[in-house]
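The values are calculated or read from the model by the stated rules, or taken from the named source; none is laboratory data. Worth saying up front: this structure is predicted, and the values here are computed from it rather than measured. So basically every Cβ, Gly included, is an ideal-geometry build from the backbone, and we count neighbours across all protein chains shown. Surface accessibility is based on the protein's heavy atoms, side chains included, excluding ligands, DNA and RNA. Shrake-Rupley method; radii C 1.70, N 1.55, O 1.52, S 1.80 Å.
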Amino acid sequence: MTTNDSKQVQAVSTPASTRIRGGRSLILGTILILCVAYAVFAGIESRVEAKATLHQVAANSAIPSVNVVLPKGGAEAEEIELPGNTQAFTDTPIYARTSGYIKHWYVDIGARVKQGQLLAVVETPELDQQLQQAEAQLKNAQANLQIADITATRWQNLLKTDSVSHQEADQAVSDLHSKEALVDSNRANVDRLEQLQSFERIVAPVDGVITARNTDIGALIQADTTAPKELFHLSAIQKLRIYVPVPEVYAPSVKTGDKAAVTLDAFPGETFAGTLVRNANAIDSTSRTLNVEVDVDNSSGQLMPGAYAFVHFKIPAKRGAVTIPSNALLFRSEGLRVGVVRNSHVALLPITMGQDYGDTVEVLSDLMRATR
């Protein structure tokens, strides 16, 4: 009884289960179809959007764009730094003017001397003897002149009474003139030897510093040789000169009277005032530079001649010049150009370039008017 009932229940429940499974399959199929349809739709939509975006980007790329900057007017003055060597305002070697032996010297290197100060004494025994001889000859000539003068006067008086002939009187006068010339000659010789004797005292020609001593006591001095020996070297350092070669491009901008700052590596952080006092007024054909002289006051004695210095010149900006970024330049076959915006359009204009400052350049043409 139980077995039969079970079979009957199974027989009754089989169609319902089949219907339930069929419904589920339908739902799953529908969902799968919807998912596939959504995926297809999403793919098509993304492709359409990508195509539209690409088209927009291509359209935007077809329109050229530029970065616009304004030229800066009133370019600042440029400073150039040029090297030079400091030199003493007066730099002179000192020689002996007379021959002899060094009797004594009074100054050595580094000594500060005044004009006329005694530096050394030269002993000249031969010159002293020559001077004594010349003085004796002068006295003898003066004595003979005195006798000739008396004789000529006497003969002139005798001629008045016809006691002597004119010939004899003329001979007496001629002898007087001869004795006068001889006295003048001997006096000139004495003056010359006295002048040479004064050169026994070697003195400083100007105020300055002794930078070299090349002699010693007992040294033989030959003043009449073609290559005399330098005894001392004197440098006047109260004022220093600095000769600076200025490049030709800057030559028109440096003027006599301009102020210039001077710096030296030996004095970091310090600046010395200099003045451009003169220039060569000619461009050196070899170096293409203008030689200028800058004077620096050195009354304190802080600076020394021969030092390496840098001179800073202020070069004024050219009238009407402007500066633009260097990356705005266009190097074309027809020449240097720059793009200028006019009425929302870009025009390429030729320019004349001045100084190159690295990231910016100076434009000499009237670029400001061209941008209006």
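Quick notes on this one:
- Note on the chain: dipole from Cβ charges, positive end direction compared against Phe89, Val363, Thr161; the farthest Cα belongs to Val363.
- Helix 166-198 and the long axis of the chain differ in direction by around 40°, with both axes built from C-alpha atoms.
- Accessible area expressed per residue, region 132-291, with surrounding protein chains retained (probe 1.4 Å, Å²): 60 Å²
- Modelled this way, with points 7 Å down the Cα-to-C-beta line, the labels at Ser300 and Asn157 are 8.1 nm from one another.
- Cβ-based charge dipole, region 248-372, positive-most Cα from Gly339, Ala328, Ala282: Gly339
- Using θ = phi - 60° and Karplus 6.51 cos²θ - 1.76 cosθ + 1.60, couplings along region 236-249 (whole Hz; Gly, Pro as x): 8, 10, 4, 9, 10, 9, 10, 8, 10, x, 8, x, 4, 5
- Dipole of region 232-317 [Lys/Arg +1, Asp/Glu -1 at C-beta], most positive-end residue of Tyr250, Phe232, Gly269: Tyr250
- Using distinct alpha-carbon pairs, which all enter the 1/r mean, Kirkwood radius of region 177-274 in Å: 19.7 Å
- Dipole magnitude of the chain, debye to nearest 20 (Cβ charges: Lys/Arg +1, Asp/Glu -1, about Cα centre): 3560 debye
- The chain: C-alpha pair distances exceeding 26 Å, %: 78 percent
- The apolar share of the surface of the chain, taken as the fraction of accessible area on carbon and sulfur atoms (1.4 Å probe, ligands and nucleic acids excluded), comes to 55 percent.
- Diffusion constant of region 219-372 at 20 °C, which comes from Stokes-Einstein with the Kirkwood Cα-pair radius and 1.002 mPa s, µm²/s: 107 µm²/s
- Reported to the nearest whole Å, the Cα centre-to-centre distance from region 327-350 to region 204-233 is 70.
- Electrostatic bookkeeping for Val294 treats Lys and Arg as +1 and Asp and Glu as -1; over the other residues with beta carbon under 15 Å from its beta carbon, the sum is 0.
- Over the chain, dividing the summed -39,500 (n - 2.57) contributions of all DSSP H runs of at least 4 residues by the number of residues returns a 222 nm mean residue ellipticity of -13000 deg cm²/dmol.
- Helix 125-160 axis, angle to the chain major axis (alpha carbon atoms, nearest 10°): 50 degrees
- The listed peptides 333-344, 241-252, ordered by packing as a protection proxy, come out as 241-252, 333-344 (highest mean of other Cβ atoms within 10 Å first).
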